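Taking it in order: structure first as structure tokens, then the write-up.
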Amino acid sequence: MAVAAEPDFGTPERETDKTVSLEIDGQTVTVPEGTSIMRAASEVGQPIPKLCATDSLEPWGSCRMCLVEIEGVRGTPSSCTTPVREGMKVKTQTARLEKIRRGVMELYISDHPLDCLTCAANGDCELQDTAGEVGLREVRYGFEGETHFGANAEAKDTSNPYFDFDPAKCIVCSRCVRACEEQQGTFALTIQGRGFDSKVSPGLGLDDFFSSECVSCGACVQACPTATLMEKSVHEHGLPTRSVSTTCAYCGVGCSFRAEMQGDQVIRMVPEKSGGANEGHSCVKGRFAWGYATHKDRVTTPMVRDKITDPWREATWDEAIAFAAERFKAIQQTYGRDAIGGVTSSRCTNEEVYVVQKMIRAAFRNNNVDTCARVCHSPTGYGLKTTLGTSAGTQNFKSVEKADVILVIGANPTDGHPVFGSRLKKRLREGARLIVADPRRIDLVKSPHIAAAYHLQLQPGTNVALMNALAHVVVTEGLVDEAYVAERCDTLEFDRWRAFVSEDRNSPEYLSDKIGVEAEDLRAAARLYATGGNAAIYYGLGVTEHSQGSTMVMAMANLAMATGNIGREGVGINPLRGQNNVQGSCDMGSFPHEFPGYRHVSDTAVRSLFEADWGLPLSAEPGMRIPNMLAEAVDGTFKGMFVQGEDIAQSDPNTRHVTAALEAMECVVVQDLFLNETAAYAHVFLPGTSFLEKDGTFTNAERRINRVRPVMPERSGLSEWETVCRLARAMGYDMHYGSAAEIMDEIARLTPTFTGVSFARLDAEGSLQWPVNDAAPDGTPTMHVNQFVRGKGRFMITEFVPTEERTNRSYPLILTTGRILSQYNVGAQTRRTENVRWHESDVLEIHPFDAEERGIGDGDMVSIQSRKGAVSLPAMISDRMPQGVVYTTFHHPVSGTNVITTEFSDWATNCPEYKVTAVQVAISNQPSDWQIEYERLKRTHYRSTIEAAE
Amino acid sequence: MSEDNDLERMAKQIADFFRVYPHDEAVAGVAGHIRDFWTPRMREQLAARVAEGPDGLDPLVIEALGRLQAEAA
């Protein structure tokens, strides 16, 4: 028997305070105005048969199965498209309705193959269920549909790696087409033909699913009531028999999924409608790309080696942990207490991160702990804390439904955060205006039924100038929300900022050439943001990964405060976090200057709290950030590192510098699923656990704490937090927990924003958005509602300081980096799935004019040379790039994208300036020296290689 | 040491942010940032560089370092 799905009320819930009372089959029902009869009936336990309706989609009214009788109304209207009215009396079941429904079902079944027992949807088929509900007993028109079996059968489309399309089973309910439009917003599907010839078609006539515009989000598969669109895994294995609710481990949207299982084997991941972040939607990664968790490359046995050129040797847990502890202790004896440190992972749970930072502070006895947020959103923490008082975004995702103007800066939500991207596109289709600030013409600028009002195609590195220019317009054209500022902000700081941005040197006219955008467009965009209603800013790493990343975050906060756009739904400043638990890893005290809850280590009262709980004195001095650790390793003073689930040898800038630092260390411990690039320089490998094996919590970009539940045992036999506890104990600090829940209890005990959080509460309520404490017992969907967390909002002066990385005759182009939909960061997970079919290698996107000048054709191998190094990649000529700017991704290690990025970084946080590297591009017929060396090192450093995806 | 130039550059970047503020606030801002985010060793290395002479160093950084040293004394 299939697992129970979430209830389907047929049509979406309506959100309004007005209610309507009516009578359904004699029962009085009160529901929000605008609710359909179908939903109202379902809510009182009188579900009406349906085929084309499902509550994730607007009603369509085509299947004629959900007809009802309404007192005083002629005919039999469809209940899905008929809204309730006050006093209405509805009958859902009468002899007439029964006859009509049975007749309609007869017609459906006359054109549907009756291979139910061998059908993949057997037991999970709405057509089958509905036929049963309406009492179908005969089909007078025969069962011989023209296109079902034999020579006339329409061929299945099996081109998509994750699901099949069987047109013979289609009942043309259009749920898939509507899901693609309404939920996903891609408009890849259509109904082609008329009458019996009607069929679902992906894109143009010759397209199959794989070659079409389909982005494999799975919405169509989810919506399909039959086996027409069905996961390949269900075809192969059958329907799941149990399910576990958990949270996706890809991007910072943090989608809730039901892992549907047979035994300990995942059959499919189904997005949960009850998930606060995704409300039933998904993307190709979360929905389908989970196969890496059981990939043959997983290393599940601890390993050690004396030197990084030695082969790995398998070890017991005790041996490996003792090996690591003895080396770390020896290093500290020789080089001092500060000669070791560690890095936490934004892919791990809050509980796993918490114990690593605790191990470093309490067992290593220093504050040399940092996190991979260093290289992505550390400026967000600094900038938002400085201006608003807390290191987090201000809204929940749902807030976008109330935005009137949406400013997307340095983010590509349809690729990087696709489920939120779909939500955003839905709001845009409803009429919200869009401003995109991005050097590239990202898909959002123009896609089906969406066109940005303004695309500010700025030069990389001029974000702050752009913000200052927008602010100049707001201030000098009288668009400041004076009452808001007077009531909620520090007026001295505001007056200084107002004077600063009013200066002519911050005007659009003055800055236009630097920014590369017409002054008129800057003015128009500023006016739209300030006067268009609720204005919301969404941003990504195009904001933070600059030498002025923190300044830019503060500049955005300035603009939002000046226009009164913080503190209610529909507005705010919203960082789109790259990894699933970036927010959480920062919350958990992963930064070297802060304890959990963003409290400085020098704060005696806070430190005393932790000292009392942990039972030992703690350092009051900030520890090293990742770049400091690497620099000191090269200098010979930093000798040991614990790396939790991060691949700094691939993801961090200036790869040669990173690997030189790793090579210089005497003990590198990697805790990971795979032998990644960093593991090539490691002495100890401690097997990690995939998200399917973890018990804990992730915190997404909306501060939403979601439960991660194990659906299978740890393949290594040990949880990551227990491994860390054992290492801490071997280092001499007694760290014990009975469960992950106990770790969360400690977090709640020591962190004021988490006071009300516990596993029991999360299990009961689904999720909670911090702060959750006495002041906000049910959590905080919107921050800064009545006042800013810091009290008065603080305007910061944001002088534009150009980056030191400059183009010149030798390096005339600017390289900027990013990621694409099908792949995820360093690709360790997605490269081990069928997602590689969409992106087999990184490519260099280059404008046609830049390509022509260099004699480069589409697909040619080109060398990209920066001041730091060179790599070779295939070129992709693309007019979505502006002239003078080239773009690539870093999903494949052999690309060596970070060989060419520089050591320049954000002034406040050292977040690397990935988005601006001066380069030259030229035709090449060979790999770069680094790439040749990389291949050679596979042999000497025992790197793992990835073969075909499984 | 290989870090020296990095530290000088990092300090100058910090100074570039605070320079636009009134002088006293700017000095306090640079000093506060270095105190809050730099390790003692980094601060010592920068102080040693300042002790070698002001050439090539940002005056705001020198003043901020002086303030930090005075606080520590």
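Laboratory data are not the source of any read-out in this text; all were calculated from the coordinates shown. If you're wondering where the values come from, they're calculated on a predicted model, not measured in any experiment. Quick reminder, even Gly has a Cβ in these numbers, built from the backbone with ideal geometry, and neighbours come from all protein chains shown.
Taking the charge dipole of the protein assembly as shown about its Cα centre, with +1 at Lys and Arg Cβ atoms and -1 at Asp and Glu Cβ atoms, the residue from A:Tyr681, A:Val708, A:Thr888 reaching farthest to the positive side is A:Val708.
Projected onto the charge dipole of segment A:543-630 (+1 at Lys/Arg Cβ, -1 at Asp/Glu Cβ, origin at the Cα centre), which of A:Asn580, A:Gly615, A:Gly564 gives the Cα projection farthest towards the positive end? Comparing the listed Cα positions along the dipole, A:Gly564 ranks first. Each Cα pair under 8 Å and six or more residues apart adds its sequence gap; the mean of these over the residue count of chain A is a relative contact order of 13 percent. Using a cut-off of under 11 Å, list every residue of segment A:434-475 whose amide N is near the label point 7 Å from the Cα of A:Tyr510 along the Cα-to-beta-carbon line. What the label zone holds, given the 11 Å backbone N cut-off, is A:469, A:472. The tail of the calculated P(r) for the protein assembly as shown, taken as Cα-Cα distances beyond 55 Å, holds 16 percent of the pairs.
Compared with the dominant principal axis of the Cα atoms in chain A, helix A:418-429 is inclined by about 60°. Averaged over peptide A:797-804, the number of partner chain Cβ atoms lying within 10 Å of each residue's Cβ comes to 3. For chain A, the mean residue ellipticity at 222 nm estimated from helices alone is -8000 deg cm²/dmol, where every DSSP H run of n ≥ 4 contributes -39500 (n - 2.57) and the total is divided by all residues, rounded to the nearest 500. Computed over segment A:395-564, the range of Cα coordinates on each principal axis works out to 43, 35, 27 Å, biggest value leading. Of A:Ile573, A:Ile747, A:Ile267, the sequence from fewest to most neighbouring Cβ atoms within 10 angstrom is A:Ile267, A:Ile747, A:Ile573. A simple charge model with +1 on the Cβ of Lys and Arg, -1 on the Cβ of Asp and Glu and nothing else charged puts the dipole of the protein assembly as shown at about 800 debye relative to its Cα centre. Across peptide B:38-45, the mean count of Cβ atoms from other chains lying within 10 Å of each residue's own Cβ comes to 5.
What angle, in degrees between 0 and 90 and rounded to the nearest 10, separates the Cα long axis of helix B:23-37 from the longest principal axis of the Cα atoms of chain B? Value to nearest ten degrees: 50. Applied to segment A:895-902, the Karplus parametrisation 6.51 cos²θ - 1.76 cosθ + 1.60 on θ = phi - 60° returns per-residue 3J(HN,Hα) values of 5, x, 3, 7, 5, 9, 6, 9 Hz, with x for Gly and Pro.
For the pairs A:Lys169/A:Lys199; A:Lys639/A:Lys938; A:Lys50/A:Lys199; A:Lys285/A:Lys938, note any where the Cα-Cα span goes beyond 18 Å. As for pairs spanning more than 18 Å Cα to Cα, those are A:Lys639/A:Lys938; A:Lys50/A:Lys199; A:Lys285/A:Lys938. Straight-distance candidates among the lysines for linking to A:Lys385, with alpha-carbon spacing under 16 Å and chain neighbours fewer than 8 residues away dropped: A:Lys792. If you fit an axis through the alpha-carbon atoms of helix A:604-614 and take the longest principal axis of the Cα set of chain A, what angle between them do you get, 0 to 90°, nearest 10? Long axis of A:604-614 versus the principal axis of chain A: about 70 degrees.
Shape call for segment B:3-72 from the C-alpha gyration tensor, a ≥ b ≥ c root eigenvalues: rounded (a/c under 1.5), prolate (a/b greater than b/c) or oblate? Rounded is the answer for segment B:3-72, as its axis ratio a/c remains below 1.5. Using Cβ point charges alone (K and R +1, D and E -1), the dipole size of chain B about the Cα centre works out to roughly 120 debye. Taken over the alpha carbons of segment A:513-554 as equal point scatterers, the Debye sum produces base-10 log I(q)/I(0) values at 0.18, 0.28 Å⁻¹ of -0.73, -0.99.
Put in order of Cβ neighbour count within 10 Å, fewest first, the listed residues B:Tyr21, A:Tyr539, A:Tyr354 become B:Tyr21, A:Tyr539, A:Tyr354. Bridging of A:Lys514 to lysines at a Cα separation below 27 Å is possible for A:Lys446, A:Lys868, A:Lys915, B:Lys12, once same-chain residues fewer than 8 apart are set aside. Per-residue mean of foreign Cβ neighbours for A:613-624 is 2 (Cβ atoms of other chains, 10 Å radius). When the charge dipole of segment A:395-564 is built from unit charges on Cβ atoms (+1 for Lys and Arg, -1 for Asp and Glu) and taken about the Cα centre, the candidate among A:Ser550, A:Tyr538, A:Gly431 whose Cα reaches farthest toward its positive end is A:Gly431.
Placing +1 on the Cβ of every Lys and Arg and -1 on the Cβ of every Asp and Glu, with nothing else charged, gives segment A:724-837 a dipole about its Cα centre of roughly 600 debye. Could you tell me which of rounded, prolate or oblate describes segment A:446-530, using a ≥ b ≥ c as the square roots of the eigenvalues of the alpha-carbon gyration tensor, with rounded for a/c under 1.5 and, failing that, prolate when a/b is larger than b/c and oblate otherwise? Verdict is oblate for segment A:446-530. Cβ-to-Cβ counts within 10 Å put A:Glu181, A:Glu509 in ascending order as A:Glu509, A:Glu181, the fewest first. Note on A:Lys91: aspartates and glutamates with a C-alpha under 19 Å away, same-chain residues under 8 apart excluded, are A:Glu23, A:Asp25, A:Glu43, A:Glu69, A:Glu71, A:Glu133.
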